[in-house]
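A short worksheet on the structure shown next.
Values quoted throughout were computed directly from the atomic coordinates according to the rules given, and no laboratory measurement underlies them. Everything numeric in this text was worked out from a predicted model, so none of it was measured. In this analysis, Cβ positions are derived from the backbone assuming ideal geometry, glycine residues included, and neighbour counts consider all displayed protein chains.
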Amino acid sequence: MVNREDVLKQVENLRGEIVNFTKELVKISTVNPPGEKYDECAALIAKKLESIGFNVQLIEVPRDKLEELAPHGEGLPRVSVLASLKGTAQGPSLHFNGHFDVVPPGTGWTKDPFLPTVDEGKLYGRGTSDMKGGIATMVMAAQALVEAGVKLRGELSISAVPDEETGGFAGAGYLVRNRLIKADYAIVTEPSSINTIWNAHKGALWLEITTLGKAAHGSLPFMGINAFEKLIKVAQALEGLKPKFALRTSSHHVEPKEAMHPTIMIGGVVSGGVKVNVVPSRCSMTIDRRLIPEEKMSDAKKEIEDVLKSLNREDPELKIEVKSLLEADAAVTPQGEKICETLAKNIRQVTNITPQFSLCTAFLDMRFLVNQAGIPTVSYGPGLLKTAHTADEYVLVDDLVTATKVLALTAMDLLK
């Protein structure tokens, strides 16, 4: 019988392959938006999984659904990988999930973001932490189990999906909505760090608020209605919600501690006006409202609506349009769930550190699995959220190997 030490040794033997597979993924610049080279990246992952022995499908969003699910995608294909490794008997099932889209590299890099390199134990490149390193660990954990000769009773399935960085609706959301992911437990290999388990994440409400005015010559501003001045009023009123948010505290551990409260970020994108000497007739700004799990989306929306209604009563000239850009509910898997206890046990075994259960400040594809598919799900993977989306993004090579060990042992425990 294969024991746990055999599996850990096999992962160590695969150290170079884990790094190389991560590099191959990073080299494919799956930048989102708009969603480049998704089919190429999906094909690479599919080929790897097939070589391990998985039954693999490529799931593509129908073209007539692209405008609804991926309006930012310029009509480019949305392709997901869905793979399964059948067990030897009827047993529990475990699902690994990860997204292969990455944010644009931006500026400030000292290395080529799509030519990954290892320097002093760090693997640099766009997506190394968020989250192609995570995809590599879940795939290589499966390979280690197969090559070590482990016979799993239950099914191990894997999905690699696009579009998480723009909401996930054409990726994990599409698979869940079409009931293509079925499992008793799931792990999303986001960059939680190897000693942290995200068993919860915040929700998000993104809005665009537009104020409408009346154009006039800049030398006669009293002849018009300045939409920008109206927008300032709206921004100041929404700022007034912050003291209320400071009184609401999540029961979940989170770092930094300031993130234990709901937040609102005003003006991520601001636009309006046509010329320096024209009174602006239209101005807009975005709102990024983050919800702690204890809040409801309907209450968060009503709170903003009430502020805007109050402004309208005070200023009859104020005309406002509100557009919803995204709604993502928070998600929670209780620490007492078997997936949490099993994963924590294996982190302790591999790292000799008791992991911290924590609330992720971002929203994740985890919400589709928890809230819509009803699967107890946690997020755990190599990398650090603080390096994600930054110049010179990196993941520690040792963390890639450690996470692969943890995932392999967790699959072994849950599917035996």
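Only four residue types carry charge here, +1 at the Cβ of Lys and Arg and -1 at the Cβ of Asp and Glu. Report the dipole size of the chain about the Cα centre in Debye, rounded to the nearest 20.
480
Mind telling me which of G127, G167, G374 comes out most flexible in a GNM of the chain, alpha-carbon contacts under 10 Å?
Of the options given, G374 has the highest mean-square fluctuation.
How many times 2.2 N^0.38 Å is the alpha carbon radius of gyration of segment 232-295?
Details: Rg = 15.9 Å, N = 64, 2.2 N^0.38 = 10.7 Å.
Computed over Cα atoms of segment 232-295, the ratio equals 1.49.
Return the FRET efficiency for the residue pair T117, N352: r is the Cβ-Cβ distance, R0 is 41 Å, and the value is rounded to the nearest 0.05. Present the calculation step by step, with values, prior to reporting the outcome.
Values: r = 30 Å, r/R0 = 0.73.
Efficiency computed from Cβ-Cβ geometry: 0.85.
For the chain, what's the relative contact order in percent, using C-alpha pairs closer than 8 Å and at least 6 residues apart? Before the final figure, lay out the partial values.
Values: 942 pairs, mean separation 103.9, N = 416.
Normalised by residue count, the contact order of the chain is 25 percent.
Excluding residues fewer than 8 places away in the same chain, name every one of the lysines whose C-alpha is closer than 29 Å to that of K233.
Leaving aside lysines fewer than 8 places away in the same chain, those within reach of K233 are K202, K214, K242, K244, K275, K296, K301, K302, K309, K319, K323.
Mind running the shape call on segment 154-268? Use the C-alpha gyration tensor, a ≥ b ≥ c as the square roots of the eigenvalues: rounded below 1.5 for a/c, prolate if a/b tops b/c, oblate otherwise. Each step should come with its number before you reach the end.
Working: a/c = 4.03, a/b = 1.95, b/c = 2.07.
It is oblate, given that a/c is not under 1.5 and a/b is not larger than b/c.
May I ask you to derive the relative contact order of segment 26-131, considering only C-alpha pairs under 8 Å and at least 6 residues apart, and to give it as an integer percent?
Here the relative contact order equals 33 percent.
Of K47/K416; K151/K345; K23/K182; K47/K386, which pairs sit farther than 28 Å apart, going by alpha carbon to alpha carbon?
K23/K182; K47/K386
Quick one: order R289, R126 by neighbouring beta-carbon count within 10 Å, fewest to most.
Listed from fewest to most nearby Cβ atoms, that is R289, R126.
Quickly estimate the mean residue ellipticity at 222 nm for the chain, helices only: each DSSP H run with n ≥ 4 gives -39500 (n - 2.57), and the total goes over all residues, rounded to 500.
Helix contribution divided over all residues of the chain: -10000 deg cm²/dmol.
If you wrap a convex hull around the alpha carbons of the chain, what volume per residue comes out, as a whole number of Å³?
146
Return the distance in nm (one decimal) between the two label points of a simple spin-label model at D315 and S219, each offset 7 Å from Cα along Cα→Cβ.
Inter-label distance under the simple model: 2.7 nm.
Given Cα pairs under 8 Å that are at least 6 residues apart, what percent is the relative contact order of segment 203-328? Each step should come with its number before you reach the end.
Values: 231 pairs, mean separation 54.9, N = 126.
Rounded, it is 44 percent for segment 203-328.
Most fluctuating residue of G168, G121, G218 in a GNM of the chain with Cα springs under 10 Å: which is it?
G218
Can you sort H99, H261 so the residue with the fewest Cβ neighbours within 10 Å comes first?
H261, H99
Under a Cβ-only charge scheme (Lys and Arg +1, Asp and Glu -1), can you give me the dipole magnitude of segment 171-214 about the Cα centre, in debye to the nearest 20? It would help to have the intermediate numbers written out before the result.
Values: 5 positive and 3 negative charges, 44 e Å.
Dipole magnitude for segment 171-214 comes out near 200 debye.
Is the shape of segment 340-416 rounded, prolate or oblate, going by the alpha carbon gyration tensor and its root eigenvalues a ≥ b ≥ c, with a/c under 1.5 for rounded and a/b larger than b/c for prolate?
Since a/c reaches 1.5 but b/c is at least a/b, the shape of segment 340-416 is classed as oblate.
Who wins for biggest fluctuation among S251, S129, S358 in a Gaussian network model of the chain, springs between alpha carbons below 10 Å?
S251
Please arrange E165, E17, E155 by how many other C-beta atoms lie within 10 Å of their C-beta, fewest to most. Before the final figure, lay out the partial values.
On the way: E165 22, E17 14, E155 19.
The most exposed by this proxy come first: E17, E155, E165.
Sorted by packing (mean other beta-carbon atoms within 10 Å per residue), highest first, where do 328-340, 171-183 land? Intermediate results must be reported in sequence, preceding the final value.
On the way: 328-340: 18.6, 171-183: 20.4.
My ranking of the peptides, most packed first, is 171-183, 328-340.
When the Cα centres of segment 90-144 and segment 295-365 are compared, how far apart do they sit, in Å?
Result: 25 Å between the Cα centres.
In cubic angstrom, how much convex hull volume per residue do the alpha carbon atoms of segment 203-328 span?
107
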